[in-house]
Structures are given as C-alpha cells and as structure tokens.
1. Given region 1-94, what helices (runs of 4 or more DSSP H) lie entirely inside it while holding 3 or more residues that are at pLDDT 95 or above and open to solvent by 70 Å² or more (accessible area, probe 1.4 Å)?
2. Of the residues that make up region 17-32, is at least one farther than 22 Å from residue 291 by Cα, free of Cβ contacts under 8 Å to residues at least 12 places away in the same chain and in contact with a Ser or Thr (Cβ under 8 Å, 6 or more places away or on another chain)?
3. If residue 246 passes every condition in (1) part of a loop (DSSP other than H, G, I, E, B); (2) more than 24 Å from residue 287 (Cα to Cα) but one, which one does it miss?
4. Mind checking whether some residue in region 153-163 is open to solvent by less than 60 Å² (accessible area, probe 1.4 Å), of a type outside the set (A, V, I, L, M) and farther than 23 Å from residue 14 by Cα?
5. Could you list, in sequence order, the residues of region 284-296 that are touching a strand residue (DSSP E or B) at 6+ places or on another chain (Cβ under 8 Å) and open to solvent by less than 10 Å² (accessible area, probe 1.4 Å)?
6. Which residue, of 150, 174, 126, 99, is more than 20 Å from residue 263 (Cβ to Cβ), open to solvent by less than 50 Å² (accessible area, probe 1.4 Å) and of a type in the set (Ser, Thr, Tyr)?
7. What's the number of the condition residue 256 fails, among (1) under 23 Å from residue 108 (Cα atoms); (2) crowded, with 19+ Cβ neighbours inside 10 Å; (3) over 22 Å from the mean Cα position of the chain (by Cα)?
8. For a quick check of your reading of the model, give me the residue pairs whose first member lies in region 294-319 and is at negative phi, whose second is open to solvent by 60 Å² or more (accessible area, probe 1.4 Å) and outside any loop (DSSP other than H, G, I, E, B), with beta-carbon atoms closer than 7 Å and at least 6 apart or on different chains.
Amino acid sequence: MTKQTAVVICPGRGTYNKEELGYLGRYHSDKQAMLDVIDQYRRSQAQPSVTELDAMPAYKLPVHTAGENASALIYACARGDFAAIDRNKYDIVAVTGNSMGWYIALAMADVLNQHSAIELINTMGSMMSGGLIGGQMIYPITDDNWHEDSAQKAQILQWMTEVNQQPGCQVYPSIWLGGYLVLGGNEAGLKAMEQRLPRLQDRYPMRLYNHAAFHTPLLQSVSDKAFARLSQNLFQRPALPLIDGQGRIWQPHSTDMTALYRYTLDTQVVAPYDYSKAIEVAIKEFAPDKLIILGPGATLGGATAQVLIKQNWHNLSDKQGFIQRQQQDPLILAMGMEAQRSLVSR
C-alpha cells in the first residue's frame, strides 16, 4: 500500500461539547497508560481526572467547559486520536493546531513528553480558574459560498479601531479562523462591538462561553505567570515539523529552543493566533494528501475548508465544491466524525 502524506491538526478550546461526552471511553479505553499519566497529574492538583469527567452521566456546561477541565480533556482525546492514526496508511509530515491546539501540537511533535505536556497544558488551562480575564466572540467574514468578504473584514477592523478609542473599551483580533474572526476583549469592548456588528443567521455575533480574551494583550499577566511556573527544561527538540500561529515552521534540526519557549508562553498568548496562515503554510510547504483533524469534535472542518477555498487548493472554489470533493475523495479527515475516523484509524 502506498502511504499518503498528512498534516495533523490539533483542536482548540470548545471542541469537547455535549456530543463528545464519553469520547475517551468510546475510543481510548485501550490506552490506560496514557490516561494514567494525565489522571495522576490531575489528582496531584486536586482536580477531577479526565477519565471521571468523560464518564460523567450527563454533560455539565460549567464543569466541562471550565478551562482547567476542558484543556486536559481535549488534550487526552487528541493524544489518543494521534496514537490511533494508522501509520501504515499515513506519513505524518507536520503538525499544527488552533489556539490551545498549539500546546497539543507541541506534545504530538514530542517537544513535550507525556509528563511535561500535561503539566504545561493543565497549568495554562488553569490560569483563570479564579475568574476569566475578558471574553471572546466569533463572527463570520465570508459569504454563503465561503468566499471571504474583504469589505466586511475591513469594516469590522474599522469598528474595532473606533471601539478602542472609547474610554474603558478594549477589543482585538484574537484568532483568524478561516471564514471567521474571533474577537477578544473586555466586557465593555465586546458590548460595543455587539452594538455595531449586524445580526447574522440569528447566531452571530456569538459569545464563546467560558472563554477568556485569549491571544490578546489582556492576557499579559497570564504570560508573566506562565514564565514563572513553567521551565524551558520542559521543552525538547521537535521530532516533527511544527507550524505555529504565525505560519512559522519549527524544524526538528534547526529549532531555537529558547525562541520556541518564548513564542509559546509569550507571543501566542498575547498576540493574534492566525490559524488561517498556519493552514496556508501547511498546504503550500508540505503539499499533504490529507489534513487530519484530531478529535474531539469536528468544528475545525469548516474553517479549514474555507482556507483551502481561499487558496484554491485542488481547484476548490466554493462551499458546494468542497462538499462534493469530501464525498468523493476527502481532503480533510476529522477523527471526531465516525465515517471519516474509519479512514484514518487502525
């Protein structure tokens, strides 16, 4: 069998939802050693284990979306999925992720060993357990065909400039997420933006529950705390190329470890995360046969497809063309979707 090449994409916050409850039990009950490392660390922090959280009889929004729980849960699911990829079918040529998925990507590329990974991910996820700093909301910047609306994008940025000139208001681009812009800011800034953004699809602008103002200057204190709590000794050279939230590639043999440490705990904490750029670099520099999105959830599929359309990857030109391609010979395989999972896992 001829192997296909794949870039693996690691999920961010908000991907372990009600439908994902029991994900570890369904797919990864055979990976007890991996789960034990995570659970033992969590118990040492007086936190519920991911096994317990995943096995709860009902999904509880305040519990499962809290940063200190969601981050470890999503990491455990994604790590199990990465281990389940059939390496006889796929040669993994690079790893990237969205937002918190950057920490998971570091683990998948062996920059962090299993013990270092849960320490970093749990520490960063627990930084605001005493109270969130600011919030996030999401808004589309494409039309119904998934073509970017450059005029709308420019208008949103103009409104942000206006809002930031008002006393007490702060709002920033947080994540460039394919056909969406995620905004991060304080309550006054987000409210002022909500007053300006036209209501779309009876959904947007949509606040993201239990999300802070990630990837904005409002999180400078979190970056400072991270440096105080997490040593550079946790990091080692990557075993796989990593694509970060600025589109930079960190190669196994040429990575400046101090620079990678600083990017992880400073730059991407307080500056916008450009997921769109990461995917653009992934397809242009590595030309993979497939993009494999680790579970839980499959919410990154649409955003990733929107980047492929913008780049006209494999002649994709609109939403309908992408859907047809996915039915015939999929370019994106989301392990959170049963039908696509069967094409990836052993």
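1. 32-44
2. no
3. (2)
4. There is at least one residue in region 153-163 that is open to solvent by less than 60 Å² (accessible area, probe 1.4 Å), of a type outside the set (A, V, I, L, M) and farther than 23 Å from residue 14 by Cα.
5. Pass one, region 284-296, residues touching a strand residue (DSSP E or B) at 6+ places or on another chain (Cβ under 8 Å): 285-295.
Once the filter is applied, which keeps residues that are touching a strand residue (DSSP E or B) at 6+ places or on another chain (Cβ under 8 Å) and open to solvent by less than 10 Å² (accessible area, probe 1.4 Å), region 284-296 yields 288, 291, 292, 293, 294, 295.
6. Matching residue, one of 150, 174, 126, 99: 126.
7. The failed condition is (2).
8. Here the result reads 310/148, each pair linking region 294-319 to a residue that is open to solvent by 60 Å² or more (accessible area, probe 1.4 Å) and outside any loop (DSSP other than H, G, I, E, B).
The values are calculated or read from the model by the stated rules, or taken from the named source; none is laboratory data. Since we're looking at a predicted model, the values are computed, not measured. Positions of Cβ are generated from backbone atoms using ideal geometry, with glycine treated the same way; all protein chains shown enter the neighbour counts. SASA here: full protein model, heavy atoms, side chains in, ligands and nucleic acids out. Shrake-Rupley method; radii C 1.70, N 1.55, O 1.52, S 1.80 Å.
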